[in-house]
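Following: one structure in structure tokens, then a few remarks.
The values are calculated or read from the model by the stated rules, or taken from the named source; none is laboratory data. If you're wondering where the values come from, they're calculated on a predicted model, not measured in any experiment. Here Cβ is always computed from backbone atoms with ideal geometry, including for glycine, and neighbour counts include all displayed protein chains. Areas reflect the complete protein model, heavy atoms only, side chains present, ligands, DNA and RNA absent. Shrake-Rupley method; radii C 1.70, N 1.55, O 1.52, S 1.80 Å.
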Amino acid sequence: MRFVRMKDCKAGMIVARAIYGEYGVLLLSEGHTLSNRHIYALGQHGYPGLYIHDEHSEGLEIEDVIVSDTMRQNAINVVKEMFDKGANVLYVKNQEMYKAVSNVVYDIVDHIFETNPAVINVPLLKNFDEYTYQHSVDVGILAIMLGKKMKMTRSEVLDLGKAAFFHDIGKMFIPKSILNKNGKLTREEFNVMKKHPALGYDFTKEILHQPNVINRAVLHHHERYDGTGYPYGLKGKAIPLFSQIISVSDVFDAMGSSRVYKKAQLTTEGYEYIMASAGRQFDPMVVELFTRTIAPFPAGLTIRLSNGLHAVVVRNNPSFMMRPLVRAYDPDDPGYYEYINLSDDMSALDVTVIGVV
């Protein structure tokens, strides 16, 4: 199994991981043969690519994403319902929304503490139809993983996960014409959008009655380390740690997601942006932790090597994130492949990753 970008998908390819649409509706099952109609439709819905079986990945076992597709999709459904019903005061006062979100956060935290993954492979199967909901879930997963790597207690990680799931809840009160605009926001529209952290803070504090550590994390997740963020222009360590973690997770996931007005950027581009923004947009300590936790080349990604070969990422090395174990192949010779550990094999010391296929 390997991930292929949508522009490189061809009719006749075999789907290796099921594709789900809104509310978890199965669009294409594993083993389905792609047609041109499938490729066009998936592209229209913003999928950046999909996992396939082919001769270059035959029999290849790779690390999976940090949570199963089922667990992630269940969380997305819960968040979607939260956004759909959150403005209904009777629904909220019944606390059903909070209970549902709490339950999925508990499940994800329990799973991560139980499996104790050393590296997180970010989800590559996304679409812009459910961007807001997928984004909240994926930011939550990233933040939970970073909190655990920071050796927070389980209770602290649970609060961090809830704050991350709620970080964009204030967007419920932003006009859909602004949220879903196909293009750049005007200054006036952006000023309206900038109200969502404060609106989210009011909601989690006054309606959901969350602890202050969660409310403040929601309020300050758009502050910047150099003081140029909003709503209060907080600087450096004055920004709550939860907000710093959510901020890094938020930007990284947003860069890797397709939306109506933009294509998803490569994982490596988001990774480099986070590193380049240390000390300006982000806390350097959180960025350093990020680079030891998040894989720049997720398992299953196809990359180009400096020796002329292509390679599928098999496993990431937590100590050398830029040097994974790969299964290399010659695109012109389907029968040839070899496993190369870029961080250990002496013969591969001069081999570098030069791009993504």
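Key figures
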{"item": "Crossing angle, helix 96-115 versus the chain [Cα axis fit, 0-90 degrees, rounded to tens]", "result": "40"}
{"item": "Accessible surface, the range 1-78, averaged per residue in Å² (probe 1.4 Å)", "result": "49"}
{"item": "Accessible area of ARG323 in the full protein assembly, 1.4 Å probe (Å², nearest 10)", "result": "50"}
{"item": "Cα→Cβ-extended label distance, 7 Å offset, between VAL213 and SER68, nm", "result": "3.0"}
{"item": "Equivalent-ellipsoid semi-axes of the range 100-245, from the Cα gyration tensor, Å, largest first", "result": "25, 19, 15"}
{"item": "Kirkwood-based Rg to Rh ratio, the chain, C-alpha trace", "result": "0.97"}
{"item": "Added length on full extension, which subtracts the Cα-Cα distance from 0.36 nm per residue, GLU61 to GLU22", "result": "11.2 nm"}
{"item": "Accessible area, probe 1.4 Å, largest first, for residues HIS222, HIS209", "result": "HIS209, HIS222"}
{"item": "Solvent exposure of the range 123-263 as accessible area per residue, Å², 1.4 Å probe", "result": "41"}
{"item": "Ranked order, GLU223, GLU55 - accessible area, probe 1.4 Å, largest first", "result": "GLU55, GLU223"}
{"item": "Nearest 10 degrees, 0 to 90: helix 241-255 Cα axis against the chain principal axis", "result": "50"}
{"item": "The range 1-77-the range 177-205 distance, computed between alpha-carbon centres (Å)", "result": "32"}
{"item": "On Cα atoms only, tilt of 69-85 relative to the major axis of the chain in degrees", "result": "30"}
{"item": "Order of exposure, largest accessible area first, which applies to LYS7, LYS194 with probe 1.4 Å", "result": "LYS7, LYS194"}
{"item": "Once the Cα gyration tensor of the range 233-311 is diagonalised, semi-axes √(5λ) in Å", "result": "27, 15, 10"}
{"item": "Theoretical gain in end-to-end length, ALA118 to VAL356 [0.36 nm per residue, Cα-Cα removed]", "result": "83.4 nm"}
{"item": "Max mean-square fluctuation residue, GNM over the chain, Cα-Cα springs under 10 Å, options GLU188, GLU156, GLU61", "result": "GLU188"}
{"item": "The range 297-357, accessible surface, carbon-and-sulfur percent (1.4 angstrom probe)", "result": "52"}
{"item": "Label-point separation in nm, LYS184 to LYS99, each point 7 Å along Cα→Cβ", "result": "4.7"}
{"item": "Per-peptide average of other Cβ atoms within 10 Å, ordering 103-116, 140-153 highest first", "result": "140-153, 103-116"}
{"item": "Relative contact order (%) - the chain, alpha-carbon pairs under 8 angstrom, separation at least six", "result": "16"}
{"item": "Proximal aspartates and glutamates to LYS99, defined as alpha-carbon separation beneath 20 angstrom and excluding residues fewer than eight positions away on the same chain", "result": "GLU81, ASP84, ASP107, ASP110, ASP138, GLU156, ASP159, ASP168, ASP202, GLU206"}
